[in-house]
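Take a look at the structure set out below.
The values are calculated or read from the model by the stated rules, or taken from the named source; none is laboratory data. Note that the coordinates shown come from a computational prediction; the quantities given were computed from them, not determined experimentally. Heads up, the Cβs are rebuilt from the backbone with ideal geometry, glycines too, and the neighbour counts pull from every protein chain shown. When the accessible area is computed, the model is the full protein with side chains, heavy atoms only, and any ligands, DNA or RNA have been set aside. Shrake-Rupley method; radii C 1.70, N 1.55, O 1.52, S 1.80 Å.
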Amino acid sequence: MRIFLVIFTALLSSTAYSQSNFLWATASSAYQVEGAWQADGKGQSIWDVYTNKHQVTQAIINENQTGNLALNEYDRKQYLQDIALMKKLGINSYRFSISWTRLIPDGDGKINQAGLDHYTQFIDDLLQNGIEPMVTIYHWDFPQALAEKGGWHNPESVKWFDNYAHLIFTTYGKKVKKFITINEPYFNIFWAELAAQNIINKVSNPMAFTTESCSKEVLAAHHLMLANAKAIQTYRSLGLKGIVGVTLGLAPTLPLNDQSDADKKAAIRQDGIQNRWFLDPLFKGTYPADILRLYQQHNPSFQPSAADYTLLAANKPDFLGINYYAPSIVNEDSSMPFALNWQNNPDSIKSFNGPVRPEYLHHLLVRLKNEYGNPMMIITENGAGFGDKDDELANGSVQDNHRADYLKRHIEAAMAARKEGVNLQGYTAWSLFDNFEWFYGYTSRFGLVYINYKTQERIPKKSFLVYKDLIKKYGNK
Ligand code: BGC
């Protein structure tokens, strides 16, 4: 018996993935950094179309900005210099996303070898420099050709994504040990896509989302969750020796006025919409009943099938990627009960993505441990921007004190949670560089490295040095 046990354990450990080092990383996404929007046979993504045809940044920041050039990160000469900066920073992992339409220009079907080769080279270059790639398969740059077939609303989208993920796993799966299927289904569907559609339809306040539009989008969000589960199943069927997870944009939700019952209720509802709606299917295989009821009141045709639930329940992620920026501070607003009503809390310093409240990162991590079975967790984004003053280039340097302080306090909060038994295995700063910030173009800087967009010069900021010191201080154990 004993001998069988030994053999069984040995077999298990030869196939099971083991994470020895704590990951210290920075993150980016393809559309936000790569540029080269038409190079080497790449097809168009919806973001190419949103920015070039519909000028979505014009609607929000009054400037016509696109990711056509971005940080020129597609260029090997450029990215090799950037990898050298990563080494200087001391990170041991880099999270980036693959552009779907570089690999498959129409989203499904014919493969573009030049696109595949580009990422093979990039992955090899990272590995040669001792930096582990953490690959996001989809970070919002959906293929335009598939958007014209209904996008994530089309049930076929689950298959489209699975084919694309299969190509990535079979091409890079021997070298890449960590895959993230999807970045932030909530913000992708209920924020970015809704805002883009509002801009295209010339709605006067593009960030005001109606009950009707939100409840329609729930189907698209469901297809994303099914696509995630299907891709995890595919990954496992290939017998690869890494791990696969998904990244959620999570945030504790707080009432704007904690004396108001209506605001308190709104905060509980928002927790259901933003957090539980995604966490529950991932770890419990089901949607939370209260929010399901709410969506179905407005969209009775939304009826996930038994087969859908089976697929969700059978394919839990190996790890949960957590993007945390700020708590969501909400108030009751009957005109948009499903939409994130992202208010500023007057007690806190405000960053672009909300108030600076590191203690809520700690709360969130402990909650995931207690309510969701303490899965392996990696913080896959955390960071901030504060506007011009903090990112001012003066005498060749940028003293971004607010960002430096933000990083320090959030890393401390994360490490405290880890000490309390949270299964946290990595921290990723967003972002190494200033980059294209969706509807805000180049006006919202989040980087540890300043980008001079006229010259593409890179200038490490104070936060770069602070992060470097924090990595040294906490080490890899
Ligand atoms: C997204 C990033 C974005 C960042 C900063 C996250 O929600 O994943 O793409 O740039 O927030 O706003």
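Here are some notes:
- Just one residue in the set N452, N423 is over 28 Å from F187 (Cβ atoms) and of a type in the set (S, T, N, Q); that residue is N452.
- Residue within region 199-218 that is acidic (D, E) and not in a helix (DSSP H, G or I) present: no
- Counting the residues of region 370-400 that are within 26 Å of I459 (Cβ to Cβ), of a type in the set (A, V, I, L, M, F, W, C) and without any contact (Cβ under 8 Å) to a residue 60 or more places away in the chain gives 3.
- Of everything in region 257-285 that is of a type in the set (A, V, I, L, M) and surrounded by fewer than 19 Cβ atoms within 10 Å (Cβ to Cβ), the residue that is nearest to P185 (Cα to Cα) is I268.
- Check on G447, touching a helix residue (DSSP H, G or I) at 6+ places or on another chain (Cβ under 7 Å), within 15 Å of the ligand (Cβ to nearest atom), of a type outside the set (S, T, Y) and open to solvent by less than 10 Å² (accessible area, probe 1.4 Å): no
- Cβ-Cβ under 8 Å pairs, at least 6 apart or on other chains, region 295-320 side among the acidic types (D, E), far side open to solvent by 20 Å² or more (accessible area, probe 1.4 Å): D318/Y17; D318/M376
- Subset of region 324-347 [modelled with pLDDT of 95 or more and either among the β-branched types (V, I, T) or out of contact with any helix residue (DSSP H, G or I) (no Cβ under 8 Å at 6 or more places or on another chain) (or both)]: Y325
- Count of region 429-444 residues which are within 11 Å of the ligand (Cβ to nearest atom) and open to solvent by 40 Å² or more (accessible area, probe 1.4 Å): 1
- Residue match in region 142-163 (condition: within 16 Å of the ligand (Cβ to nearest atom), open to solvent by less than 20 Å² (accessible area, probe 1.4 Å) and either part of a loop (DSSP other than H, G, I, E, B) or in contact (Cβ under 8 Å) with a residue 24 or more places away in the chain (or both)): yes
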